[in-house]
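Readers should treat all values here as calculations from the given coordinates under stated rules, not as data from a laboratory. If you're wondering where the values come from, they're calculated on a predicted model, not measured in any experiment. Cβ coordinates were reconstructed from backbone atoms using ideal geometry, including for glycine residues, and neighbour counts include every protein chain displayed.
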Amino acid sequence: MELAIAGNGPRHRGMYRFLYKRLRLPRPFVHDLMGWRRRRGLGAEFDQRRGYAGQLQATALDLDPASGYRLIEAGENAALTRLAESCRGLYENFRDSGAADEQLARNPNKRFLLGVLSGNEFLAHPALVADMVDRSLLDAAARYLGSVPRLEGAVLWWTPPNETADSSQQWHIDELARRQVKILLNCSDVDDDCGPLHFLPAARPDELRAHMRHRRGRVDEAALTKLIDSGEIVRATGPCGSAVMLDSSRCLHFGSRGNLRDRLVLAFHFLPADAPVDTRYHLEPRDFSGPLATLDRVQRLALRSGLAAAPEAAAG
C-alpha cells in the first residue's frame with residue numbers, strides 16, 4: 001500500500017518564522033502546533049513509522065538517551081568510512097576545479113561552513129545517499145527518536161582558516177524540532193586547530209538555559225562560561241572517518257571557529273516525521289534506481305518515498 005507524504009515545503013518554513021520569530025511564540029508551542037498539523041497530514045503513516053521503530057533491536061551505534069550523543073571512531077562503521085572517502089574526493093575535485101576560489105570570492109566576509117555539496121545535489125551521487133540511510137545509522141536514529149525519521153537534509157561543509165565567531169560559531173541549539181539526530185562526519189583529520197564541533201551533552205543545557213533564562217537564538221558565552229567547567233565540553237576531533245551522532249536540538253554546540261587549518265565535515269540530519277519544517281538543505285529522491293534500488297522499506301520511508309508495509313515486513 002502506498003501512502004501520500006504530507007507536503008513540508010518552504011511555506012512551512014515561512015509559517016515557522018512568522019510564529020516563532022515574528023510573533024515570538026514559545027518554541028515548544030510552535031513545535032506542538034505545527035507538529036500536530038503534520039501528523040494529521042501523515043495519517044496512518046505516522047503510526048507505521050512508530051511501529052517499525054518499536055521492533056528494532058539495540059544497535060552498536062545507539063545514542064545515550066540522557067547525554068544525547070554517541071562518538072564514532074574512524075573505521076568503526078563501514079558506511080561512514082565510505083562516505084568520508086567519497087566526500088574527500090568530491091572536495092578535492094571542488095578545489096582542483098577552482099570552485100573553492102569562486103566560493104570564497106562570492107563570500108568574502110564568510111569564511112566558515114561553505115557548501116561544497118548540499119541538498120538534492122547529492123542525488124547526482126546516489127551511493128552517498130544510500131550510505132546515509134544505512135540501517136546501522138538509521139536504526140540508531142529511529143530508536144532514539146521513537147519513530148522512523150526522515151533523512152531531511154545533507155550538506156558537505158568546508159571551513160578554511162578564519163578568525164570569526166558569528167552565527168553557528170556561537171553556542172546554540174538547533175531549533176527545527178524538539179529532537180533530532182545529526183551526524184557530523186569528519187572528512188578530513190580534525191584536531192583542535194581545525195575548529196572542531198564543541199558541545200555540551202544533553203543533560204546539562206536545559207538546566208543551564210533555564211538558569212540564564214535563555215529562550216531563543218545564541219547563548220551568551222560569557223554567562224555560560226561562568227556556569228560550566230571546561231571538562232564538560234566534548235570536542236568532536238579525530239581522523240578522517242570519525243564522527244559524532246548527537247541530538248543538536250538538546251546539546252548546546254558550536255563549531256568552525258578559529259580554524260588554523262581547513263576542516264571538511266559532512267552533516268546530515270534525521271528529523272522526526274512530524275518535525276514542523278524542513279532544512280535549507282532538503283534532500284528528497286524522486287526515484288529509486290541505481291544504488292537506491294536495493295533500499296528496504298524502512299530506508300525508503302526515511303527518504304520520504306511513502307512506501308509502507310506491515311511492520312513485520314519492514315525489519316529487513
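So, with +1 on the Cβ of K and R and -1 on the Cβ of D and E, and no other charges, what is the size of the charge dipole of region 10-313 about its Cα centre, to the nearest 20 debye?
Result for region 10-313 is approximately 1660 debye, rounded to the nearest 20.
Stretched out fully, how many nm does the piece from Arg261 to Asp47 gain, at 0.36 nm a residue minus the Cα gap?
72.4 nm
What order do you get for Cys187, Cys251 when you list them from fewest to most C-beta neighbours inside 10 Å?
Lowest count first: Cys251, Cys187.
Two decimals is fine: what's Rg over Rh for region 181-236, C-alpha atoms, Kirkwood radius as Rh?
In region 181-236, Rg relative to Rh is 1.01.
Once the Cβ-Cβ distance between Lys226 and Ser136 is put in as r, and R0 is 41 Å, what FRET efficiency do you end up with, to the nearest 0.05?
E between Lys226 and Ser136, to the nearest 0.05, is 0.55.
Normalising by the residue count of region 10-313, find the relative contact order in percent from Cα pairs under 8 Å and 6+ residues apart.
Reported relative contact order: 31 percent.
Where is the GNM fluctuation largest for the chain (alpha-carbon springs, 10 angstrom cutoff): Trp158, Trp171, Trp36?
So, out of Trp158, Trp171, Trp36, the one fluctuating most is Trp36.
Tell me, for the chain, which Cys residues have no other cysteine's C-beta sitting closer than 4.7 Å.
Cys194, Cys240, Cys251
For the charge dipole of region 32-172, defined by +1 on Lys and Arg C-beta atoms and -1 on Asp and Glu C-beta atoms about the Cα centroid, which residue among Tyr52, Pro160, Gly119 has the Cα displaced farthest towards the positive pole?
About the Cα centre, the residue reaching furthest to the positive side is Tyr52.
Considering only DSSP states other than H, G, I, E and B, which chymotrypsin sites (Phe, Trp or Tyr not before Pro) in region 193-289 qualify as loop sites with at most 10 other Cβ atoms within 10 Å?
When the chymotrypsin sites (Phe, Trp or Tyr not before Pro) of region 193-289 are filtered for loop state and at most 10 Cβ neighbours within 10 Å, nothing remains.
Using only the Cα atoms, what convex hull volume per residue in Å³ does the chain have?
Cα convex hull per residue, to the nearest whole number: 133 Å³.
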